[in-house]
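Everything below concerns the one structure shown next.
The values are calculated or read from the model by the stated rules, or taken from the named source; none is laboratory data. Predicted model only: the values in this text are computed from it and were never measured. All Cβ positions, even for glycine, are placed from backbone atoms using ideal geometry, and neighbour counts span all protein chains on display.
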Amino acid sequence: MRDIPFARPILGEPEMQAVQSVLEGHIYVHGPRVKEFEASFAEWVGAKKCTAVSSCTAGLHLAYFNKGIGVGDEVIVPAMSHVATAHAVEFTGATCVFVDAEYETGNIDIDKIESAITEKTRAISIVHYLGMPVAMDRVIEIAKKYKLFVVEDCALAVGSLYKGVHAGLLGDIGCFSFYPVKHMTTAEGGVILSVHDDVIDAINKKKAFGVNRTHTERSIPGDYDVDLLGYNYRMNELQAVIGFHQVKRLDSFISIREENFNALKEGIEGIEGVSTFKSTHGDFKSSYYCFSLLLDEDLAPNRQTIMASLKEKGVGTSIYYPRSIPCFTYYQEKYGHNAEDFPIASKISSHSIALPVGPHLGLEDMEYIVESLKEVISKNK
Ligand SMILES: *Cc1c(COP(=O)(O)O)cnc(C)c1O
């Protein structure tokens, strides 16, 4: 039996040594490593600059906070995403207005955005679901028409391109996650990208208490003022050195994901009762976060059994996501929605199984997954 975990971060000697050397030094925060990491990540995605933060969730919160979005405002939020996408809006006191997904990709149904817009709407939140980029031209067109701010949740979109432009540079601001199961890791951490340089500068201040002069900019200790409210959402030097070395591995990480994804796709295409989302084509380049299997109506009720049988064979799986955001208790109690309000998101939550394609795995693992799946599916028919 093989051991195929859903995800496993890949760190090597360079990361280990770099962490050790930071630990042996005396600068854990406010040092040069975060700057180096920011420069390397920005270069990799093709941005002028970026700012590193403590998590993607912190980044999303800063995005709304910096824009001054708060009580009385509404933000369009995709129903099918990680709760962090909506939580970041909730932190500000603004109201989430959920929009259902489209079944082809799991991304927000762009056709349903306009009818969710009211006079109170200030922003549209976009998630590139499982790394498949959203048709941003259409989103931007709507945003321009109603003067809305566009926030991209790029937590699964490292390597996602739309018309050759990296996710996070398509809307007004984009936030990435370096949580262990994502495309690269800093243990916890994230980065904010923006096509607006002044936004990055403003957030640099707001992620560090609103202090007007960083440690390195101070001529004498204590030579600073605080002229606005800010959080402590910084990335530290340990996270940054890990990230710096992870960026060097990104090209290879993503090409292995793509290869694994395509192998699964080919193997699974012939299996009856399952289908999958649309992936890379034309203007859309996926980041291949995982391979999401969609069970047909007959098989869907057996999803738990199918996942358990796969686990017995050593194949790790996951669900993205077990409920649509508005159907998690917090949101249900606050907004009073039910599953029927978001039929597509609800269907994806109950019919999908996420299979691993990460760089910890190779083509033999993909073959094994396909064979295991064939066996398990035929037993559950
Ligand atoms: C993982 C994830 C997040 C949260 O990222 P953190 O870095 O853990 O805060 C947000 N949105 C999506 C879509 C995610 O997958």
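Can you tell me how many residues within segment 209-262 are more than 20 Å from H183 (Cα to Cα), in contact with a Ser or Thr (Cβ under 7 Å, 6 or more places away or on another chain) and not hydroxyl-bearing (S, T, Y)? Total meeting the criteria: 1.
Yes/no per residue for (1) over 18 Å from the mean Cα position of the chain (by Cα); (2) surrounded by fewer than 24 Cβ atoms within 10 Å (Cβ to Cβ); (3) part of a loop (DSSP other than H, G, I, E, B); (4) not β-branched (V, I, T):
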| residue | (1), (2), (3), (4) |
| --- | --- |
| T51 | no, no, no, no |
| L60 | no, no, no, yes |
| Y64 | no, no, no, yes |
| V71 | yes, yes, yes, no |
| I76 | no, no, no, no |
| H87 | no, yes, no, yes |
| G93 | yes, yes, yes, yes |
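Every condition in (1) over 25 Å from K285 (Cα atoms); (2) away from the ligand (no atom under 11 Å from the Cβ) is met by D109 except one, and the failing one is (1). Residues that are more than 13 Å from the ligand (Cβ to nearest atom), part of a helix (DSSP H, G or I) and crowded, with 16+ Cβ neighbours inside 10 Å within segment 123-145 comprise M136, V139, I140, I142, A143, listed in sequence order.
As a summary of the residue check, G270 satisfies the conditions (1) modelled with pLDDT of 95 or more; (2) surrounded by fewer than 19 Cβ atoms within 10 Å (Cβ to Cβ); (3) closer than 30 Å to I353 by Cβ except for the one numbered (1). Flag set for V199, criterion: more than 15 Å from the ligand (Cβ to nearest atom), under 19 Å from K48 (Cβ atoms) and either at pLDDT 95 or above or surrounded by fewer than 24 Cβ atoms within 10 Å (Cβ to Cβ) (or both). Among the residues of segment 56-82, those that are of a type in the set (V, I, T) and more than 8 Å from the ligand (Cβ to nearest atom) comprise I69, V71, V75, I76, V77.
Among the residues of segment 301-309, are any touching a helix residue (DSSP H, G or I) at 6+ places or on another chain (Cβ under 6 Å), surrounded by 15 or more Cβ atoms within 10 Å (Cβ to Cβ) and closer than 14 Å to S349 by Cα? Explain how you work it out, then say what you get.
Pass one, segment 301-309, residues touching a helix residue (DSSP H, G or I) at 6+ places or on another chain (Cβ under 6 Å): 306, 309.
Restricting the remaining residues to those that are surrounded by 15 or more Cβ atoms within 10 Å (Cβ to Cβ) gives 306, 309.
Right, trim to closer than 14 Å to S349 by Cα and you get none.
Among the residues of segment 301-309, not one is touching a helix residue (DSSP H, G or I) at 6+ places or on another chain (Cβ under 6 Å), surrounded by 15 or more Cβ atoms within 10 Å (Cβ to Cβ) and closer than 14 Å to S349 by Cα, which makes the answer no.
Out of A155, A101, A143, A135, which single residue is in contact (Cβ under 8 Å) with a residue 40 or more places away in the chain and closer than 23 Å to K48 by Cβ? Spell out the reasoning first.
Numbers: A101 fails: closer than 23 Å to K48 by Cβ; A143 fails: in contact (Cβ under 8 Å) with a residue 40 or more places away in the chain; A135 fails: closer than 23 Å to K48 by Cβ.
None of the others qualify; the one that does is A155.
Is it the case that segment 169-180 has a residue that's within 11 Å of the ligand (Cβ to nearest atom), modelled with pLDDT of 95 or more and surrounded by fewer than 24 Cβ atoms within 10 Å (Cβ to Cβ)? Don't jump to the end; show me each part of the working.
Looking only at segment 169-180, we keep the residues that are within 11 Å of the ligand (Cβ to nearest atom), and these are 175-180.
From the residues that got through so far, the ones that are modelled with pLDDT of 95 or more too are 175-180.
If we keep only those that are surrounded by fewer than 24 Cβ atoms within 10 Å (Cβ to Cβ) as well, we get 179-180.
Checked segment 169-180: at least one residue is within 11 Å of the ligand (Cβ to nearest atom), modelled with pLDDT of 95 or more and surrounded by fewer than 24 Cβ atoms within 10 Å (Cβ to Cβ).
Number of residues in segment 146-168 that are touching a Lys or Arg at 6+ places or on another chain (Cβ under 9 Å), within 16 Å of the ligand (Cβ to nearest atom) and at positive phi: the value is 1.
Do we find a residue being touching a residue at least 40 places away in the same chain (Cβ under 8 Å), farther than 25 Å from G243 by Cα and buried (at least 24 other Cβ atoms within 10 Å of the Cβ) anywhere in segment 26-38? No, segment 26-38 has no match at all.
A18 versus (1) of a type outside the set (F, W, Y); (2) without any contact (Cβ under 8 Å) to a residue 60 or more places away in the chain; (3) assigned to a helix (DSSP H, G or I): which is the lone unmet condition? Going through the list (1) of a type outside the set (F, W, Y); (2) without any contact (Cβ under 8 Å) to a residue 60 or more places away in the chain; (3) assigned to a helix (DSSP H, G or I), A18 breaks only (2). For segment 96-103, the count of residues that are small (G, A, S) and away from the ligand (no atom under 16 Å from the Cβ) is zero.
Test of understanding: among S324, S378, S346, which residue is surrounded by fewer than 18 Cβ atoms within 10 Å (Cβ to Cβ) and over 25 Å from I254 (Cα atoms)? So that I can check it myself, show each step before the final result.
On the way: S324 fails: surrounded by fewer than 18 Cβ atoms within 10 Å (Cβ to Cβ); S346 fails: surrounded by fewer than 18 Cβ atoms within 10 Å (Cβ to Cβ).
Going through S324, S378, S346 in turn, just one is surrounded by fewer than 18 Cβ atoms within 10 Å (Cβ to Cβ) and over 25 Å from I254 (Cα atoms): S378.
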